[in-house]
1. Within the range 170-185, is even one residue of a type in the set (A, V, I, L, M, F, W, C), closer than 14 Å to residue 251 by Cα and in contact with a Pro (Cβ under 6 Å, 6 or more places away or on another chain)?
2. For the range 10-58, what are the residues that are within 13 Å of the chain's Cα centre (by Cα), open to solvent by less than 40 Å² (accessible area, probe 1.4 Å) and at pLDDT 95 or above?
3. Quick test for you: out of 151, 170, 141, pick the one residue that is in a helix (DSSP H, G or I) and touching a residue at least 24 places away in the same chain (Cβ under 8 Å).
4. Of (1) of a type in the set (S, T, N, Q); (2) open to solvent by 10 Å² or more (accessible area, probe 1.4 Å); (3) at pLDDT 60 or above, residue 81 satisfies all except one. Which?
5. Do we find a residue being open to solvent by 10 Å² or more (accessible area, probe 1.4 Å) and in contact (Cβ under 8 Å) with a residue 40 or more places away in the chain anywhere in the range 89-97?
6. Residue by residue through the range 175-189, note down the ones that are over 19 Å from residue 125 (Cα atoms) and surrounded by 14 or more Cβ atoms within 10 Å (Cβ to Cβ).
7. Among the residues of the range 111-138, which ones are assigned to a loop (DSSP other than H, G, I, E, B), more than 15 Å from residue 255 (Cβ to Cβ) and in contact with a Leu (Cβ under 6 Å, 6 or more places away or on another chain)?
Amino acid sequence: MKDIMPPQLDQSRVRQSFRRGLQSYHRSASVQADIAARLAELLQAQGAPERFEAALEFGCGTGHLTRQLVQRFGFGSLLLNDLVPEAASALQETGGAAPERVRFEAGPVESLPLPHGLDLIASASTVQWIPDLSALTARLAARLNPGGWLALSGFGRGQFRELAALGSAAAAPSYLDAGEWRAVLPQSLDILAVTQAPVVLEFDSALALLKHLRQTGVNGHAQQSWSRRHLRDFENAYRERFGRGGKLPLTYDPVLLVARRRA
């Protein structure tokens, strides 16, 4: 597959894209909501404890994973983080029993001051936006207690394969297939489970597909403007190459990972 990863990430553009889509994200990001539920279930299935004394969720967004975690686990303290400061509203939307101590800090997780002694670090549908995953996972592992848990989801190289084939340069910088994760994790982390299973959405038109991307903010690296003619040409090319039954498919390629720091 053609490698379409951009050489660097314009973080301000990504922040702007997700800020713009924040209000529509929760109702439009059905795939991400399902991924969050599956990640929390996978964490449970691997034998995670019923309670974590100290936890971090980065890239919390509108709280899809936050809700799933607090419904399934108890927490002594929970630090929520997102690149977009407005995501702090997720604190009021956790649902279920709120952690005893919960707070929010905005900013890129790569430079965020992180507490030591964490028992869980989790993030859903975020790590694909991290240019240097090896550096980040090493930093996260260093903040975990021995025996601490890491639960992440990103996307594989089949993510938005239709857009990539049509020449889109809007890909996130770190699409990794399931088998590639071992190479980016530090030796102190043991992988307990990693899964990859594509999900295909269908749209009636190119305009509906692009609206979906805009409402979920997942085109955060896009720099393209659309004229009426360009939109028509794009839809014709999309239908000719990928159309089926009058619909336009869009492939998501979620990868879910649960790992644990060696005791």
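1. Among the residues of the range 170-185, not one is of a type in the set (A, V, I, L, M, F, W, C), closer than 14 Å to residue 251 by Cα and in contact with a Pro (Cβ under 6 Å, 6 or more places away or on another chain), which makes the answer no.
2. Within the range 10-58, 35, 36, 37, 39, 57, 58 meet the criteria.
3. 141
4. Unmet condition: (2).
5. So far as the range 89-97 goes, no, none of its residues is open to solvent by 10 Å² or more (accessible area, probe 1.4 Å) and in contact (Cβ under 8 Å) with a residue 40 or more places away in the chain.
6. 186, 188, 189
7. 131
For every residue, the table says whether it meets (1) over 30 Å from residue 231 (Cα atoms); (2) modelled with pLDDT under 95; (3) open to solvent by 10 Å² or more (accessible area, probe 1.4 Å); (4) polar (S, T, N, Q).
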residue: 137; (1), (2), (3), (4): yes, no, no, yes
residue: 146; (1), (2), (3), (4): yes, no, yes, no
residue: 150; (1), (2), (3), (4): yes, no, no, no
residue: 154; (1), (2), (3), (4): no, no, no, no
residue: 170; (1), (2), (3), (4): no, yes, yes, no
residue: 173; (1), (2), (3), (4): no, yes, yes, no
residue: 196; (1), (2), (3), (4): yes, no, yes, yes
residue: 216; (1), (2), (3), (4): no, yes, no, yes
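The values are calculated or read from the model by the stated rules, or taken from the named source; none is laboratory data. The structure displayed is predicted, hence computed values, not measured ones. Using ideal geometry, Cβ is built from the backbone for each residue, glycine included, and neighbour counts are taken over all protein chains shown. Remember, those area values only see protein heavy atoms, side chains included, never the ligands or the DNA or RNA. Shrake-Rupley method; radii C 1.70, N 1.55, O 1.52, S 1.80 Å.
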